[in-house]
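Single-structure report; data block below.
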Amino acid sequence: MAGLPDPMVPSPLRVQRVRRETYDTFTLELEPANGADGFSFAAGQFNMLYAFGVGEVPISISGDPTKPQTLVHTVRSVGAVTQAICKLKRGDVLGVRGPFGSHWPVEEAAGGDVVIVAGGIGLAPLRPVIYYLLSNREKYGRLALVYGARTLQDLLYNPELEKWRGHFDLAVEVTVDTAAASYRGNVGVVTTLIPRVQFDPLQTAVMVCGPEVMMRFTLRELEARGIGPENIFMSMERNMKCAVGFCGHCQFGPTFICKDGPVFRYDQIQAFFAKREV
Amino acid sequence: MSTETLERVLAEHPFFKHLQRPYLELLAECASRVRFNAGEVIFRESEPANLFYVIRRGKVAVETFAPNRGPIIIQTIGEEGLLGWSWLIPPYRRRFDARAVELTWVIALDGERLREMCEKDHDFGYELMKRVADIMDQRLQATRLQLLDVYDGVRS
Ligand SMILES: Cc1cc2nc3c(=O)[nH]c(=O)nc-3n(C[C@H](O)[C@H](O)[C@H](O)COP(=O)(O)OP(=O)(O)OC[C@H]3O[C@@H](n4cnc5c(N)ncnc54)[C@H](O)[C@@H]3O)c2cc1C
């Protein structure tokens, strides 16, 4: 990241804007507090966000990789640190180190179809992919976004979902796990949407992020559609501490999520993905 | 619609894909084309389940009623989906309500006649059972995932 020289020392960033996505999830736009440059990152990478006096957590970058002036994160309040981050207001300062980790293979996927499967907050690390694909639309075949959330109230990025739906060359399928009878959209788990999406199984990259159980069910569905494990990419967001492969907190089989991941090609983790003890 | 056209329409539906021609002919004989307007009730819980439906176009909500919560959608079934298998399992009564969410075109099949056919021709019956079992398996897996409520609280 330009402007953040030492990966172990957080740099101060100032909150420019806070957007309430849902009752527990907020999107923060950050800019350097010390006038440093913007932040180049690749879609899928994350930063360590440090809420002063509370703690530090890994959070994916959810902004547009072609607009590095502003750093964007979407945070769901689940515990002490994320709660503190979600309470920040415009003008408050946050410590940031990064960007870390592997990225989605957006360039390698050029020339084929791309299917994005997101569950819950898992859409956050995939949003940069959507931005990238749409600004390089001519390089890809069919594009599809399949997104599932618990209820209507849990859907992230509503205005953008509407906009993306309006794109005739991006298929957007959204579903919620349950809904009241007045709802006119899809109800059912995210895997039920996969059979509906059109793609060429031999020429498709699938990028998946969501709770691990959801990813496991998704893998089965993708397999049934003829997608090989070498064409499936998933972001493993188990918890971590140092983010640079020192501490071993996020060891996952023979890999470390922080430096080898979070984005893995499925065939590289297949042997230990479904194992309970790793 | 003539039985010949219905046969073609059925042959194109994923549920009947690669089904042998004579079986498709049998099915077409007990099939009819039906349209439901948005909001229209297709069936209600505990009614006799004589028909089942393959959805050609539109969307159907499968609902149940919970006290204090009102009607809840359990799932929606869209294009190329299959609605209802209570026609196959005693006591042949609906377990849920079904309502068209939007203008929906379906092929309705007479379950009672199909049951008779299955009894008479076990090869046909087995072929149909395998396909229904596959749909049931998909629904069961989806229900399991739904029950795990994976988005609740924290990332799991
Ligand atoms: C690479 C990576 C990217 C991430 N990106 C995002 C993001 O974009 N937005 C976002 O909101 N969150 C993201 N997370 C998850 C986020 O880091 C955790 O929610 C956060 O660390 C929780 O800290 P806390 O102090 O608020 O809660 P804690 O008190 O630490 O935890 C609260 C509860 O959440 C559980 N939990 C914490 N972290 C995780 C996790 N990673 N997976 C499953 N359960 C967990 C704990 O077991 C506990 O039950 C990401 C995690 C990783 C590893």
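The values are calculated or read from the model by the stated rules, or taken from the named source; none is laboratory data. A quick note: this is a predicted structure, and the numbers were derived from the prediction, not measured. Here Cβ is always computed from backbone atoms with ideal geometry, including for glycine, and neighbour counts include all displayed protein chains.
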Practice item. Would you be able to tell me the number of residues in the range A:119-142 that are farther than 14 Å from A:SER235 by Cβ, in contact (Cβ under 8 Å) with a residue 40 or more places away in the chain and not in a helix (DSSP H, G or I)? Key: 2
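Give me a count of the residues in the range A:31-75 that are hydrophobic (A, V, I, L, M, F, W, C), part of a loop (DSSP other than H, G, I, E, B) and within 13 Å of the ligand (Cβ to nearest atom).
3
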Review point. Quick one: would you say A:ILE85 is of a type outside the set (S, T, N, Q), assigned to a helix (DSSP H, G or I) and either under 20 Å from A:PRO211 (Cα atoms) or within 13 Å of the ligand (Cβ to nearest atom) (or both)?
Key: yes
**Study point:** Flag for A:PHE26 being assigned to a loop (DSSP other than H, G, I, E, B) and within 14 Å of the ligand (Cβ to nearest atom)
**Key:** no
Practice item. Tell me, please, whether a residue that is surrounded by fewer than 19 Cβ atoms within 10 Å (Cβ to Cβ), within 16 Å of the ligand (Cβ to nearest atom), acidic (Asp, Glu) and more than 30 Å from B:ALA100 (Cβ to Cβ) can be found in the range A:217-236. Key: no
Review point. Are any residues in the range B:131-154 part of a loop (DSSP other than H, G, I, E, B), surrounded by fewer than 16 Cβ atoms within 10 Å (Cβ to Cβ) and touching a strand residue (DSSP E or B) at 6+ places or on another chain (Cβ under 9 Å), and if so, which ones?
Key: B:VAL154
Practice item. Among the residues of the range A:143-175, write down those that are facing chain B (nearest Cβ under 9 Å) and in a strand (DSSP E or B). Key: A:GLY148, A:ALA149, A:THR175
Check your understanding: Failed condition for A:TYR183, given (1) aromatic (Phe, Trp, Tyr); (2) in a loop (DSSP other than H, G, I, E, B); (3) closer than 20 Å to B:LEU148 by Cβ, with all others met?
Key -> (3)
Study note, to complete from the structure: The number of residues in the range A:205-235 that are away from chain B (no Cβ under 14 Å) and not in a helix (DSSP H, G or I) is 8
Review point. Of the residues B:LEU6, B:LEU10, B:LEU19, B:LEU26, which single one is in a loop (DSSP other than H, G, I, E, B) and at negative phi?
Key: B:LEU19
Practice item. Give the residues of the range B:49-73 that are away from chain A (no Cβ under 14 Å), within 14 Å of B:PHE96 (Cβ to Cβ) and in a strand (DSSP E or B), sorted by residue number. Key: B:PHE52, B:TYR53
Exercise for review: Scan (1) touching a helix residue (DSSP H, G or I) at 6+ places or on another chain (Cβ under 7 Å); (2) away from the ligand (no atom under 16 Å from the Cβ); (3) not assigned by TED's automatic domain parsing to the domain that holds A:LEU156 for the single condition A:VAL244 breaks and write down its number.
Suggested key: (2)
Practice item. Give A:VAL189, A:VAL206, A:VAL174, A:VAL213 a once-over and let me know the one that is out of contact with any Ser or Thr (no Cβ under 8 Å at 6 or more places or on another chain) and free of Cβ contacts under 8 Å to residues at least 60 places away in the same chain. Key: A:VAL174
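So which of A:PRO12, A:PRO7, A:PRO32 ends up being at pLDDT below 95 and under 17 Å from A:GLY101 (Cβ atoms)? I'd like the intermediate steps shown before the answer.
Details: A:PRO12 fails: under 17 Å from A:GLY101 (Cβ atoms); A:PRO32 fails: under 17 Å from A:GLY101 (Cβ atoms).
Exactly one residue qualifies, and that residue is A:PRO7.
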**Study point:** Criterion (touching a strand residue (DSSP E or B) at 6+ places or on another chain (Cβ under 9 Å) and surrounded by 22 or more Cβ atoms within 10 Å (Cβ to Cβ)) met by exactly one of A:GLY210, A:GLY185, A:GLY245
**Key:** A:GLY210
